[in-house]
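Participant: One structure, as structure tokens, below. Some questions next.
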Amino acid sequence: MDESKKSRKLWGPLEFAILTGSGIDIGCGPDPVTPNVYKFDVQDGDANEITKYVHDQFDFVYASHCLEHMHRPDKTLLEWWKLVKPGGHLFFMVPDEDLYEQGVFPSRFNPDHKATFTISKDKSWSPVSFNVLQLAHSLPEGQLVKIALQDQGYDRRLIRHGLSRSPLTAAARFFLRSYYFARRRKFGPALPAFESLMSHFSQVDQTLRSNVVAQIQCIVKKNQTSQPIR
């Protein structure tokens with residue numbers, strides 16, 4: 001739900017300085033990061049193999065909440081990295097697995113998610129977890145500029161880790177699924193009181209609110225002397 005729009009409220013001079021010059025926004029939907037960015041989405045091709053469709057390089061390659069939909073995020077990042085000019089930046093955001101999925105996979109709030117992410121930990125509850133720090137360090141001739149957990153507006157008191165199988169919880173999940181279906185299609189307003197009540201029985205997707213994020217931001221710079229990656 002307009003994740004780039006929400007993220008822009010958190011950015012400082014560093015982020016806005018990076019998002020200048022030529023850029024591509026992968027998976028932008030109706031919320032491109034800048035007005036003049038090159039927009040690439042599902043109708044333009046498979047972002048897992050983006051270099052089959054895009055043959056240019058850019059000052060910045062940006063992707064907000066797209067990598068979790070890719071089949072192999074580690075390989076996909078290498079594909080996206082090829083689009084970054086020497087001296088340019090790869091700038092991406094992904095959901096934090098403990099704040100968003102809350103110990104449940106496949107993801108309850110977005111079943112199209114194919115991976116979960118954490119900044120860096122030795123062991124994860126998720127069978128498809130990736131450490132963002134490790135992904136960043138795997139990019140050839142890359143320099144980590146910034147990595148951060150962003151949880152502004154997130155109420156950790158509402159976290160319910162794992163899956164409960166009680167009948168009451170099942171009923172709460174049914175009502176929450178109906179609520180999230182309506183919210184994602186913008187059929188109705190956010191109802192914080194309802195979410196708070198349901199959170200006693202099941203997980204709540206707080207990121208549906210316009211002022212809540214639960215994500216990891218990562219920025220990697222490609223060295224000026226970098227040679228094209230084949």
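Just so you know, all these numbers are worked out from the coordinates, no wet-lab data involved. Just so we're clear, the structure is a prediction, and the values are computed from it rather than from any experiment. Because the Cβ atoms are built from the backbone with ideal geometry, glycine has one as well, and the counts that use them run over all protein chains shown.
Participant: Around Val84, which amide H atoms from residues at least 5 apart in sequence, or from another chain, sit under 5 Å from its own amide H, with H modelled in the peptide plane?
Facilitator: It is Phe58, by chain and number.
Participant: A further question follows. Could you go through the stretch 18-32 in sequence order and give the Karplus-derived ³J(HN,Hα) for each residue, using 6.51 cos²θ - 1.76 cosθ + 1.60 with θ = phi - 60°, rounded to whole Hz, and x for Gly and Pro?
Facilitator: Couplings: 5, 7, 10, x, 7, x, 10, 10, 8, x, 6, x, x, 10, x Hz.
Participant: Fewest Cβ neighbours within 10 Å first, please rank Thr20, Thr207 accordingly.
Facilitator: Ascending Cβ contact count within 10 Å gives the list Thr20, Thr207.
Participant: To make sure I understand, if each residue's beta carbon is the centre and we count other beta carbons within 10 Å, what order do Ile159, Ile219 fall in, fewest to most?
Facilitator: Fewest-to-most Cβ neighbours within 10 Å comes out as Ile159, Ile219.
Participant: I'd like the Karplus ³J(HN,Hα) series for the stretch 125-138: coefficients 6.51, -1.76, 1.60, θ = phi - 60°, whole numbers in Hz, and an x wherever there's a Gly or Pro.
Facilitator: Computed from phi, the couplings for the stretch 125-138 are 6, 8, x, 10, 8, 10, 7, 5, 4, 5, 4, 5, 6, 7 Hz.
Participant: So what J values fall out for the stretch 108-114 if you push phi through Karplus, 6.51 cos²θ - 1.76 cosθ + 1.60 with θ = phi - 60°, rounded to Hz, Gly and Pro as x?
Facilitator: After applying 6.51 cos²θ - 1.76 cosθ + 1.60, I find 5, 8, 8, x, 7, 5, 10 Hz.
Participant: Rounded, prolate or oblate for the stretch 23-65? Axes are the square roots of the Cα gyration tensor eigenvalues, ordered a ≥ b ≥ c, and the cut-off for rounded is a/c under 1.5.
Facilitator: Verdict is oblate for the stretch 23-65.
Participant: For the stretch 1-61 and the stretch 108-151, write down the distance between their C-alpha centroids in whole Å.
Facilitator: Using only Cα atoms to place each centre, the spacing works out to 19 Å.
Participant: If amide H atoms are built 1.01 Å from N in the plane of the peptide, which residues on other chains or at least 5 residues away come under 5 Å of the amide H of Lys146?
Facilitator: Counting only residues 5 or more places away or on other chains, the set is Ile219.
Participant: Turning to a different aspect of this structure: Could you list Lys146, Lys222 so that the one with the fewest beta carbons within 10 Å of its beta carbon is first and the one with the most is last?
Facilitator: Sorted ascending by nearby Cβ count, the order is Lys146, Lys222.
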